[in-house]
Amino acid sequence: QVTCVEVVEAYVERIREVNPLINAVVKDRFEEALQEARQVDKLLSESPGNDYLEEKFPLLGVPITVKEAFSVHGMPNTSGLVNRRNVIATSDATVVSRLKQAGAIPLGVTNCSELCMWYESSNRVYGRTNNPYDLQRIVGGSSGGEGGVLAAACSVIGVGSDIGGSIRMPAFFNGVFGHKPTTGVVPNDGQFPNAQGVRTSFLCTGPMCRYAEDLEPMLRVMAGPGVNKLKLNEKVSLEKIKFHCMDHDGGSIFVSPVDKEILQAQKKVVEHLEGKLGVQVRRVAIHKMKYSFQIWSAMMSSKDSDGQEAQLFTDLLGDHGKPVWPLWELMKWLIGMSSHTLPAIALGLTEKLMKLNPGGNAKLVSMGKSLQEEMEALLGPDGVLLYPSHPTIAPRHHSPICMPFNFAYTAIFNVLGLPVTQCPLGLSSEGLPLGIQLVAASYNDHLTLAVARYLEQAFGGWILPGKV
């Protein structure tokens with residue numbers, strides 16, 4: 001009914017209209033995208049049957065955006081680090097290459113936090129990204145530009161990565177879908193910074209989108225041959241899923257209490273599942289979840305099986321230059337002289353403190369391993385856990401500095417290696433997105449994706465900002 005050129009032009013127009021307000025797309029490739037759209041239209045006009053094309057190019061002509069931390073040929077790849085501001089990618093990250101081969105057309109790259117290690121997407125290269133539902137609120141991080149661009153209907157699907165919730169927090173704050181796949185299924189190559197040592201099993205690359213049905217086809221393309229580890233062809237009977245529900249982490253001293261409206265939204269999901277599907281949602285209290293932040297921190301800084309130390313964040317900040325001294329940077333920051341953001345400096349300081357307690361860290365790592373066994377046993381082949389995506393609704397700019405550890409609600413599942421889908425659940429009384437995390441045992445991504453599709457129908461899924 002419409003040409004690919006018309007589709008791409010519509011999205012380009014939309015980005016031009018709203019990007020000055022949200023600052024999500026930090027570099028566009030509109031000319032190249034339109035050229036690629038013309039080639040798609042030519043291919044369609046010359047092709048005798050579309051079935052062959054559909055099989056070969058499942059995403060033919062679909063406009064996409066990509067987190068700037070991934071290399072997209074000809075696009076910047078700074079990850080918000082000032083001393084990388086002249087770095088231009090000369091190749092595509094593996095997932096970008098696979099999406100392009102499937103026919104997708106990148107429109108541009110989107111903002112992230114400095115070195116992808118904070119949950120507000122703001123840096124000294126591109127500035128700050130604003131939430132399309134309220135410009136005074138954060139988009140989350142580190143795939144925050146991606147969350148904002150999708151929520152504002154500037155893109156159809158997007159590429160994010162997640163080592164502590166960097167797909168799921170932006171998806172939650174912006175009312176879209178985000179999926180952190182089971183660890184080791186989708187390749188992480190071609191992003192900066194990439195995980196090393198033990199962190200290679202915590203970092204996940206995954207799909208973000210407005211519509212739940214787009215998660216699976218995107219995941220298939222991004223995973224490539226790795227998709228065989230997942231059971232995406234298995235039909236899911238929702239009535240046979242064993243649902244579990246946890247309202248909060250048990251009251252960690254490091255983390256804010258869960259907002260009332262988030263709890264109400266979760267309660268509505270439980271009531272809906274019990275009322276409409278006739279299932280019993282079992283309330284669980286997993287004691288170790290209270291230590292989520294400590295477990296994540298300890299596991300992130302632990303040695304891998306070969307005894308390799310985790311890479312220091314301060315070394316990454318230096319990016320092959322001189323290592324950064326966080327205390328010195330803090331002094332410079334106070335007088336406006338640092339080229340780093342305050343969260344990045346604070347993380348460098350915290351890292352130094354973590355090194356002071358190796359005995360405590362070892363205990364936490366073993367607690368993490370036993371929590372993983374407990375979770376896998378609880379969820380089994382047919383279980384899904386309902387758990388808040390974050391303790392608060394999208395906070396105002398800068399306020400994450402006052403609640404720096406709230407990302408523990410998403411981060412714990414990175415070190416446990418479990419697949420998680422963040423699913424939107426309508427808007428709060430202030431018109432800000434609500435949502436929930438759906439968690440399954442390893443390689444059971446098909447269960448969380450099926451429940452996300454169901455909840456989208458029940459609760460309306462993505463809502464256009466400004467519509468209400």
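Exactly one residue out of Ser301, Ser237 is within 22 Å of Ala452 (Cα to Cα) and of a type in the set (Gly, Ala, Ser): that is Ser237.
Hey, can you tell me all the residues within the stretch 34-45 that are touching a residue at least 12 places away in the same chain (Cβ under 8 Å) and of a type in the set (Gly, Ala, Ser)? Selection gives Ala37 alone.
Answer with yes or no whether Pro106 is out of contact with any Phe, Trp or Tyr (no Cβ under 6 Å at 6 or more places or on another chain), closer than 22 Å to Gln35 by Cβ and not in a loop (DSSP other than H, G, I, E, B). So Pro106 fits the description; yes.
Which one of the conditions (1) modelled with pLDDT of 95 or more; (2) in a loop (DSSP other than H, G, I, E, B) does Tyr119 fail to meet, given that it meets all the rest? Tallying (1) modelled with pLDDT of 95 or more; (2) in a loop (DSSP other than H, G, I, E, B), Tyr119 fails exactly one: (1). In the condition set (1) within 17 Å of Glu374 (Cβ to Cβ); (2) among the hydrophobic types (A, V, I, L, M, F, W, C); (3) open to solvent by 70 Å² or more (accessible area, probe 1.4 Å), Phe254 is compliant with all but (1).
Under the condition of being closer than 30 Å to Arg128 by Cα and either part of a loop (DSSP other than H, G, I, E, B) or without any contact (Cβ under 8 Å) to a residue 40 or more places away in the chain (or both), the residues counted in the stretch 1-33 number 10. Selection of the stretch 1-25 for residues being under 23 Å from the mean Cα position of the chain (by Cα), aliphatic (A, V, I, L, M) and open to solvent by 30 Å² or more (accessible area, probe 1.4 Å) yields only Leu21. In summary, helices (runs of 4 or more DSSP H) completely within the stretch 276-375 and bearing 1 or more residues that are at pLDDT below 75, closer than 29 Å to Gly127 by Cα and open to solvent by 20 Å² or more (accessible area, probe 1.4 Å) occur at 313-318, 326-334, 342-354. The residues listed here are Arg128, Arg84, Arg124; of these, the one that is of a type outside the set (Gly, Ala, Ser) and under 22 Å from Leu203 (Cβ atoms) is Arg84. Only one entry in Phe413, Phe405 is of a type in the set (Phe, Trp, Tyr) and within 23 Å of Ala151 (Cβ to Cβ), namely Phe413.
Results for (1) more than 22 Å from Ala458 (Cα to Cα); (2) modelled with pLDDT under 95; (3) over 15 Å from the mean Cα position of the chain (by Cα), shown as yes or no for each residue.
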{"site": "Ala171", "(1), (2), (3)": "no, no, no"}
{"site": "Asn188", "(1), (2), (3)": "yes, no, no"}
{"site": "Gln191", "(1), (2), (3)": "yes, no, no"}
{"site": "Val227", "(1), (2), (3)": "yes, no, yes"}
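Here the condition is being touching a residue at least 40 places away in the same chain (Cβ under 8 Å), open to solvent by 40 Å² or more (accessible area, probe 1.4 Å) and part of a loop (DSSP other than H, G, I, E, B); of Pro58, Pro48, it holds for Pro58 alone. Of the residues Asn123, Asn130, which single one is touching a Ser or Thr at 6+ places or on another chain (Cβ under 9 Å) and within 19 Å of Pro400 (Cβ to Cβ)? Selected residue: Asn123, the only one of Asn123, Asn130 that is touching a Ser or Thr at 6+ places or on another chain (Cβ under 9 Å) and within 19 Å of Pro400 (Cβ to Cβ).
Residue-by-condition table, conditions (1) over 19 Å from Gly103 (Cβ atoms); (2) at pLDDT 95 or above:
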residue	(1), (2)
Tyr11	no, yes
Arg14	yes, yes
Glu17	yes, yes
Val25	yes, yes
Asp28	yes, yes
Glu46	no, no
Tyr52	no, no
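Which residues, counting only those in the stretch 232-268, are charged (D, E, K, R) and in contact with a Gly (Cβ under 8 Å, 6 or more places away or on another chain)? Hits for the stretch 232-268 are Glu239, Lys242. Checked against the criterion of being open to solvent by less than 10 Å² (accessible area, probe 1.4 Å) and either in contact (Cβ under 8 Å) with a residue 60 or more places away in the chain or β-branched (Val, Ile, Thr) (or both), the candidates Ile88, Ile64 yield just one match: Ile64.
Taken over the stretch 91-123, the criterion of being closer than 15 Å to Gln191 by Cβ and open to solvent by 10 Å² or more (accessible area, probe 1.4 Å) is satisfied by Ser91, Asp92, Thr94, Ser97, Arg98, Cys116, Met117.
The values are calculated or read from the model by the stated rules, or taken from the named source; none is laboratory data. Note that the structure is a prediction, hence the values are computed from the model and not measured. We place every Cβ from the backbone using ideal geometry, glycine too, and count neighbours over all the protein chains shown. Protein only, heavy atoms only, side chains kept; ligands, DNA and RNA dropped before computing areas. Shrake-Rupley method; radii C 1.70, N 1.55, O 1.52, S 1.80 Å.
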